[in-house]
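Encoded as structure tokens, the structure appears first; notes follow it.
The values are calculated or read from the model by the stated rules, or taken from the named source; none is laboratory data. The model shown is predicted, which means the values in this text are computed figures rather than measured ones. No Cβ is skipped: glycine too gets one built from the backbone with ideal geometry, and neighbour counts run over all protein chains shown.
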Amino acid sequence: MELSFLRRITSSGKYISVVDGLRFLAIAMVIIYHLDGFIFRELNHTYLDAKTVYSWWHALCLRGYFGVELFFVISGFILALPFTEYYLNQGTKISLRSYFIRRLTRLEPPYIISLIIIFWVYVFVIQTKSYDDLAPSFLSSLFYAHTLIYDRSILPLVSTVTWSLEIEVQFYILAPLLFYLYYKKINDRRINLIFLTLFISNCSKILKPDFYSLYEYFHFFLLGILLADYYISKERIKIIDRWIQMSGSFLVGFISFVMIILTDITYIESKVGILKMGLSTVQLMFLFIFFYNVLFRTGPVRFYSNAIVTSIGGMCYSIYLFHNEIINGIGFYLIKHPFSSYYIMDYVLISIILSVSILILSTIFYILVERPCMNKRWPSELWSKLSATFVKGN
């Protein structure tokens, strides 16, 4: 099935389909996390099947939170690719001016427009929140400063998920310097990067500030940089290749993903720092193997290259910006009256309705706003059209 009208437009013209497949996995996990959290919290009618019977499913869906960390790895990988090509293969030199302008023209319009839409709906349409309550949070989110101003117990009020985008922006700012130091100033760069990744990962489990920042998630971005290094170098890791050859790509991918979920410390209540450090180290190892297995096409990766999967994955930014507000907004009306006498039936029906709503509304935003911004020439083209219209009008 060809869905070229939805396909992501890249600045370089190079398209790695499996990356959008990985984005699909990440956004699916995040949606499951928020979808289940909303239904499990709000659906409180009297049902013939007890809600507690499905508490195991709720516990599993909590692991969907890790989809955000998958996004961080993908961001580290994608941003590192052109710099790695330049430093290792004498590729096209990266203009810092173009780099930052591209970040602004690609990401800012969808982000700002989404905040305005959500703010407008909350304050003037459904009127569930006041202007005075939302305005300070709106301004802090607009300038990616909410996580630096407020402590970790207070999420952005306009769009709760934008805390992670603020961390992404912190990495975008630091990335060019980081790549320069990594490729030009550090000997045994991979060994040192692995050491730094593990060091920061372990430190973040012991020393945790009162606010969210790049420090707490830096090791995931660094893992993406390491993957980009191997990807551009076209170097293989024999021990991983041997395991994949013996066990099969699907089995290795499945085992790796299960281990990633099992070693997630987000909801582990433990004061034993050494336990969290150990689990985090194991998780990073399997996370690398999982991405390596997909990116290096060591076996069947049809799922991650499927047209529908990559199309949805390519829209992940639009989906991420709106999914939680759609869940809470439309879901508020769906949970008022039960569809059936069984919790599981209502859970499935509400999940399907909300998932379809997310896909439809996000696709509209993607086509109208985000995808046009993927064209790096859109500012100049828009200016030319406006100028021509102005001249014609006079």
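So here's what we get for this one:
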read-out	value
Among the candidates Tyr150, Tyr182, Tyr172, Tyr144, residue that is aromatic (Phe, Trp, Tyr) and farther than 19 Å from Phe72 by Cβ	Tyr150
Residue tally, condition of a type in the set (A, V, I, L, M, F, W, C), over 19 Å from Phe24 (Cα atoms) and assigned to a helix (DSSP H, G or I), over segment 323-337	3
In segment 97-147, the residues that are farther than 20 Å from Tyr172 by Cα and β-branched (Val, Ile, Thr)	Ile113, Ile116, Ile117, Ile118, Val121, Val123, Val125, Ile126, Thr128
Segment 88-115 residues that are in contact (Cβ under 8 Å) with a residue 40 or more places away in the chain and in a loop (DSSP other than H, G, I, E, B), paired with ones that are surrounded by 16 or more Cβ atoms within 10 Å (Cβ to Cβ) and of a type outside the set (Gly, Ala, Ser) (beta carbon under 8 Å, 6 or more apart)	Ile94/Pro82; Ile94/Phe83; Ile94/Tyr86
Matching residues in segment 227-284 - criterion: being surrounded by fewer than 16 Cβ atoms within 10 Å (Cβ to Cβ), part of a helix (DSSP H, G or I) and modelled with pLDDT under 85	Gly273, Ile274, Leu275, Gly278
Residue within segment 8-27 that is crowded, with 18+ Cβ neighbours inside 10 Å, modelled with pLDDT of 95 or more, within 29 Å of Ile364 (Cα to Cα) and in contact with a His (Cβ under 9 Å, 6 or more places away or on another chain) present	yes
Single residue of Val125, Val121 found to be surrounded by fewer than 13 Cβ atoms within 10 Å (Cβ to Cβ) and either without any contact (Cβ under 8 Å) to a residue 12 or more places away in the chain or not polar (S, T, N, Q) (or both)	Val125
Selection count where residues are aliphatic (A, V, I, L, M), over 15 Å from Asp210 (Cβ atoms) and in contact (Cβ under 8 Å) with a residue 24 or more places away in the chain, scope segment 132-153	2
Selection within segment 307-331 - surrounded by fewer than 18 Cβ atoms within 10 Å (Cβ to Cβ) and touching a helix residue (DSSP H, G or I) at 6+ places or on another chain (Cβ under 8 Å)	Asn328, Ile330
Number of the exception - Thr197 against (1) out of contact with any Leu (no Cβ under 6 Å at 6 or more places or on another chain); (2) over 26 Å from Tyr320 (Cα atoms)	(1)
Single residue of Phe171, Phe199, Phe179 found to be surrounded by fewer than 17 Cβ atoms within 10 Å (Cβ to Cβ) and part of a helix (DSSP H, G or I)	Phe199
Test set (1) part of a loop (DSSP other than H, G, I, E, B); (2) without any contact (Cβ under 8 Å) to a residue 40 or more places away in the chain; (3) not polar (S, T, N, Q) - His45 fails condition number	(2)
Met345, sole failed condition from (1) touching a His at 6+ places or on another chain (Cβ under 7 Å); (2) over 26 Å from Ile308 (Cβ atoms)	(1)
